1. Quick test for you: out of Leu110, Leu115, pick the one residue that is part of a helix (DSSP H, G or I), open to solvent by less than 90 Å² (accessible area, probe 1.4 Å) and in contact (Cβ under 8 Å) with a residue 60 or more places away in the chain.
2. Pairs needed: first member in the stretch 22-36, in contact (Cβ under 8 Å) with a residue 24 or more places away in the chain; second member anywhere, open to solvent by less than 90 Å² (accessible area, probe 1.4 Å) and in a loop (DSSP other than H, G, I, E, B); C-beta distance under 8 Å; at least 6 residues apart or different chains.
3. Give the stretch 142-167 a look and list any residue that's aromatic (Phe, Trp, Tyr) and under 20 Å from the mean Cα position of the chain (by Cα), or say none.
4. Looking at the stretch 31-62, which of its residues are farther than 23 Å from Asn134 by Cβ and under 12 Å from the mean Cα position of the chain (by Cα)?
5. Quick check on my filter: what residues within the stretch 95-107 are open to solvent by less than 60 Å² (accessible area, probe 1.4 Å), farther than 17 Å from Lys170 by Cα and not in a helix (DSSP H, G or I)?
6. Mind counting the residues in the stretch 118-147 that are assigned to a strand (DSSP E or B), over 22 Å from Met85 (Cβ atoms) and open to solvent by 50 Å² or more (accessible area, probe 1.4 Å)?
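The values are calculated or read from the model by the stated rules, or taken from the named source; none is laboratory data. Note that the structure is a prediction, hence the values are computed from the model and not measured. Here Cβ is always computed from backbone atoms with ideal geometry, including for glycine, and neighbour counts include all displayed protein chains. SASA here: full protein model, heavy atoms, side chains in, ligands and nucleic acids out. Shrake-Rupley method; radii C 1.70, N 1.55, O 1.52, S 1.80 Å.
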Amino acid sequence: MLIYFVPCVLLVILMTIRKAKPSDAKQVHKIYFDPVVHKFMHYNKMGLREFRKKWKMIMAKCETYIFETKGRAVAFGWLDKFDGMRSHVIEISHIAVSPSEQGKGIGKKLFSFLLKKAKSKNAKRVQLIAEVDNKKAIAFYKKFGFVKEGRLRKSFKRTNGYVDQIVMSKLL
């Protein structure tokens, strides 16, 4: 009897989710203003210099996270915790995956991470807002148990007009 040994190469792709840093601004800017992604993002197109300032403000206000693979930011998202009588509410905001990395489970991993973070902060309600024509995102959020709660008419401005948004939430 002959036994053959076939050498195998184990590829390990390092993936991590970590707190964002000011130095992430350039890679986040590239993802944020990619035409595929930017259509559903909040801020108007801006240059990197202006975005660096905005990024610092966002990091000061929200818990911002980066999904990194091979030392490169490929996705981001942030949590915005309310205060006062709404301190039990956290909003997941601005979650985006680089178009070249979409379809690889990165969004699912990042979104799961953000939900766990919200739960660890004793959130009783997690909410988000999505444009009504962002069918892919709405279906994605539904898979995580989010439900539509209402419609914000003409609340999102695009170059060609206004778009309605929907509020979605999940109770923890």
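1. Leu110
2. Sorted first by the residue in the stretch 22-36, then by its partner, the pairs are Val28/Ala20; Lys30/Ser98; Ile31/Ser98; Tyr32/Met41; Tyr32/Tyr43; Asp34/Ser98.
3. Within the stretch 142-167, Phe144, Phe146, Phe156 meet the criteria.
4. none
5. Passing the criteria: Ala96, Val97, Ser98, Gly105.
6. The total comes to 1.
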